[in-house]
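Quick notes on the structure that follows.
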Amino acid sequence: MSFSDWLPALATQALMMTPLLIVYAAGLTLCLTRRRQLGVASTYAAIAFALLIAGVLLSLAGQAWSYRAISSGMPASSMAVISGVVGVSHMLLSLLATTLLVAAILARRPAP
């Protein structure tokens, strides 16, 4: 399996992740441009959107690594361990980002 064989599959993955990247980049831009109005909530949300972007890019890098490992003939057990580490890392980034988005919402909530 050569680079030209797995490039279309990787390009498909990148195209499927593009809408997420656009939404996260728009959220990051809005948070950074409205920093004065949002206060600390803007900081929380900007960090959250940056983590979400990093998670998507990590996932795409994991896919590229997986295709490369398959083409180089890496044993399935080794590939599964590393893919699992990438998957858990992506999940933890998403969890932290979601927590920060909830914190941003609660930070802007009026006091009772």
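The values are calculated or read from the model by the stated rules, or taken from the named source; none is laboratory data. It should be emphasised that the depicted structure is a prediction, and the values quoted were computed from it without experimental measurement. Here Cβ is always computed from backbone atoms with ideal geometry, including for glycine, and neighbour counts include all displayed protein chains. Note: areas computed on protein heavy atoms with side chains; ligands, DNA, RNA excluded. Shrake-Rupley method; radii C 1.70, N 1.55, O 1.52, S 1.80 Å.
Descriptive notes on the structure:
- Among the residues listed as 84, 62, 73, the single one being under 26 Å from residue 5 (Cβ atoms) and in contact with a Gly (Cβ under 9 Å, 6 or more places away or on another chain): 62
- Residue count for segment 7-57, restricted to those that are open to solvent by 40 Å² or more (accessible area, probe 1.4 Å), touching a Leu at 6+ places or on another chain (Cβ under 7 Å) and hydrophobic (A, V, I, L, M, F, W, C): 3
- Selection status of residue 107, open to solvent by 40 Å² or more (accessible area, probe 1.4 Å) and part of a helix (DSSP H, G or I): yes
- Screening residue 63 on (1) within 29 Å of residue 104 (Cβ to Cβ); (2) open to solvent by 40 Å² or more (accessible area, probe 1.4 Å) shows it passes everything except condition (1).
- Segment 85-96 residues that are closer than 9 Å to residue 58 by Cα, paired with ones that are in a helix (DSSP H, G or I) and of a type outside the set (Lys, Arg) (beta carbon under 7 Å, 6 or more apart): 86/58; 86/62; 89/58; 90/55; 90/58; 90/59
- Pairs, first polar (S, T, N, Q) in segment 13-29, second surrounded by 14 or more Cβ atoms within 10 Å (Cβ to Cβ), C-beta under 7 Å, six or more apart: 13/60; 13/63
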